[in-house]
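**Student:** Pasting a structure here, questions to come.
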Amino acid sequence: MTDKHQNDPIRVGVIGLGFAGETALKCYSILPNVQIVALAGLEEERLAQLGATFAIPHLYSKYEDLLARDDLDAVSIGVPNHLHAPVAIAALERGLHVLCEKPLARTSTEATAIVQAASKANRVLQVVFNHRERNDVQTLKRYLDEGQLGEIYYAKAYWMRRQGIPGAGSWFVNKEMAGGGPLIDLGSHVLDMALYLLDEPSVVTVSASTYNKLGMQGVGIDPRARKSGANHQYEVEDLATAFLRLSNGATLLLESSWATYSSAQNDYGIVLYGTKGGAELRVRNYNTENTLTIFKDVDGAPTDIHPTVQGGGFHNAVVSSFIDKIVSGNWSLYDGSEGLRRVRVIDACYDSAAQGKEVTLTTYYLHLQ
Ligand SMILES: NC(=O)c1ccc[n+]([C@@H]2O[C@H](COP(=O)([O-])OP(=O)(O)OC[C@H]3O[C@@H](n4cnc5c(N)ncnc54)[C@H](O)[C@@H]3O)[C@@H](O)[C@H]2O)c1
């Protein structure tokens, strides 16, 4: 990491040229105090094309060569999940701040090692949880923080697709590279939204089931998905369902699927049941309007409230908050443990599904406290 003066730009490198890498580039490119110095990824043509589009001076095929530079402050990691731990740990050991795509890692063991590396290096580690930054989620969070819905005692979080397997044979369907299917991919986001909205209760137990009924038949592939890798067998679940008991006594039902025979297109959301009100956030095909309904009694009459909320948030909010954290200098506050907590829950869900019984997470949390 460079010796910085107060007004020096933050010098970043981006690793990965897919949706994640390109989105990070777009977000950094509009921030006045950021300079994109280097980009790495395996697809030669795309590397040159993105390098030209964003006027990036240093292009590498291997991430190791990017990390070997000694003039970077931070990196964004947008590579397949099995590389999150090695790339993030190597970056943190080089003294770089890290913005890592979700999931933080495939397993809690890997995620713990990343968080420990961040603590040891005293650098910011943040996970890209962009969906919680939606303006409708932020509006709902304000309702909750003001106590308008009372105590939330039951919640559902889901992300369901009709035909959304991310590419035939891509790395996403390979167990070793991805760590799992829609639960670790889409479930990460909606689990994050739910725990964030509910004020970070601990997850005490999980009881989960996973299925691979359609994916293994080649049913439900998203024909538009352009992901790296093309020859992998379908080895992960295509649907996961989990029942979570939370430390505050509430329960959370979590559902995620890439492929279902259902009315789902590409639908995600949250349903909250509280003692003074309820809420439903329903997002269809990433739409941003008319997504939020609040249920209250007004003057004794059941009333549906539709707050006017527009667009916004998403990745830009994540990337600018990452830069703000770096600039703040309070790096030890942001060690990625929130991302680790999500991985632990997902890990426990896979564990529960494999064992066919409820799993208690208490021991997972002991050494964090
Ligand atoms: N937050 C979100 O909304 C969101 C959306 C999509 C993907 N993601 C996450 O982003 C990550 C990447 O997903 P994607 O859809 O961009 O995948 P992708 O397959 O489109 O791209 C992966 C990139 O990683 C690069 N890569 C692989 N090995 C490399 C190496 N050794 N050195 C340098 N580069 C290497 C590939 O060249 C490719 O450019 C995943 O963890 C995924 O879960 C997050």
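**Student:** Do we find a residue being in contact with a Leu (Cβ under 7 Å, 6 or more places away or on another chain), closer than 30 Å to I15 by Cβ, within 15 Å of the ligand (Cβ to nearest atom) and modelled with pLDDT of 95 or more anywhere in segment 235-246?
**Tutor:** No, every residue in segment 235-246 fails to be in contact with a Leu (Cβ under 7 Å, 6 or more places away or on another chain), closer than 30 Å to I15 by Cβ, within 15 Å of the ligand (Cβ to nearest atom) and modelled with pLDDT of 95 or more.
**Student:** Condition check: away from the ligand (no atom under 12 Å from the Cβ), under 24 Å from the mean Cα position of the chain (by Cα) and more than 25 Å from T107 (Cβ to Cβ). Does L31 satisfy that? Before you say what the answer is, go through the steps one by one.
**Tutor:** Working: away from the ligand (no atom under 12 Å from the Cβ): yes; under 24 Å from the mean Cα position of the chain (by Cα): yes; more than 25 Å from T107 (Cβ to Cβ): yes.
Spelling it out, L31 is indeed away from the ligand (no atom under 12 Å from the Cβ), under 24 Å from the mean Cα position of the chain (by Cα) and more than 25 Å from T107 (Cβ to Cβ).
**Student:** Another question, if that's okay. T260 is checked against (1) surrounded by 12 or more Cβ atoms within 10 Å (Cβ to Cβ); (2) not assigned by TED's automatic domain parsing to the domain that holds Y234 and fails just one. What number does that condition carry?
**Tutor:** The single condition T260 does not satisfy is (2).
**Student:** Continuing with this model, one more query. Of the numbered conditions (1) more than 23 Å from I184 (Cα to Cα); (2) part of a helix (DSSP H, G or I), Y153 fails exactly one; give the number of that condition.
**Tutor:** (2)
**Student:** Can you pull out the strands (runs of 3 or more DSSP E) entirely within segment 1-74 that have at least 2 residues that are farther than 20 Å from I323 by Cβ? Break it down stepwise before answering.
**Tutor:** Numbers: elements: 10-15, 34-40, 58-60.
Result: 58-60.
**Student:** (1) closer than 27 Å to D335 by Cβ; (2) touching a residue at least 24 places away in the same chain (Cβ under 8 Å); (3) within 15 Å of the ligand (Cβ to nearest atom): which one isn't true of L17, the others all being true?
**Tutor:** (1)
**Student:** Against the definition (among the aliphatic types (A, V, I, L, M), closer than 22 Å to N122 by Cα and touching a residue at least 12 places away in the same chain (Cβ under 8 Å)), how does I30 come out, yes or no?
**Tutor:** No: the conditions fail for I30.
**Student:** Moving on. For segment 290-338, give me the residue count where each residue is of a type in the set (A, V, I, L, M), in contact (Cβ under 8 Å) with a residue 40 or more places away in the chain and within 30 Å of R123 (Cβ to Cβ).
**Tutor:** Qualifying residue count, segment 290-338: 6.
**Student:** Might you check whether a residue that is free of Cβ contacts under 8 Å to residues at least 40 places away in the same chain and either under 23 Å from G269 (Cα atoms) or not assigned by TED's automatic domain parsing to the domain that holds R245 (or both) occurs anywhere in segment 169-177?
**Tutor:** No, there is no match, as no residue in segment 169-177 is free of Cβ contacts under 8 Å to residues at least 40 places away in the same chain and either under 23 Å from G269 (Cα atoms) or not assigned by TED's automatic domain parsing to the domain that holds R245 (or both).
**Student:** Ok, one more. Looking at segment 74-133, which of its residues are within 14 Å of the ligand (Cβ to nearest atom) and among the basic types (K, R)?
**Tutor:** Listed by number, the residues that qualify are K102, R106, R132.
**Student:** Could you please find all residues in segment 212-231 being touching a helix residue (DSSP H, G or I) at 6+ places or on another chain (Cβ under 9 Å) and more than 16 Å from the ligand (Cβ to nearest atom)?
**Tutor:** The one that is touching a helix residue (DSSP H, G or I) at 6+ places or on another chain (Cβ under 9 Å) and more than 16 Å from the ligand (Cβ to nearest atom): G215.
**Student:** Mind counting the residues in segment 258-274 that are in contact with a Gly (Cβ under 8 Å, 6 or more places away or on another chain) and not aromatic (F, W, Y)?
**Tutor:** Applying the first criterion (in contact with a Gly (Cβ under 8 Å, 6 or more places away or on another chain)) to segment 258-274 yields 258-260, 266, 271-272, 274.
With the extra rule that they be not aromatic (F, W, Y), the set shrinks to 259-260, 266, 271-272, 274.
Of the residues in that region, 6 qualify.
**Student:** Would you confirm whether or not segment 80-96 contains a residue that is in a loop (DSSP other than H, G, I, E, B) and crowded, with 21+ Cβ neighbours inside 10 Å?
**Tutor:** Yes, segment 80-96 contains a residue that is in a loop (DSSP other than H, G, I, E, B) and crowded, with 21+ Cβ neighbours inside 10 Å.
**Student:** Condition test on G187, is it surrounded by 18 or more Cβ atoms within 10 Å (Cβ to Cβ), within 30 Å of T139 (Cα to Cα) and among the small types (G, A, S)?
**Tutor:** yes
**Student:** Could you say which residue among A208, A230 is within 21 Å of the chain's Cα centre (by Cα) and either part of a strand (DSSP E or B) or surrounded by fewer than 23 Cβ atoms within 10 Å (Cβ to Cβ) (or both)?
**Tutor:** A208
The values are calculated or read from the model by the stated rules, or taken from the named source; none is laboratory data. Owing to the predicted nature of the structure, the values given are computational and were not obtained by experimental measurement. Glycine gets a Cβ as well: all are built from the backbone with ideal geometry, and neighbour counts include every protein chain shown.
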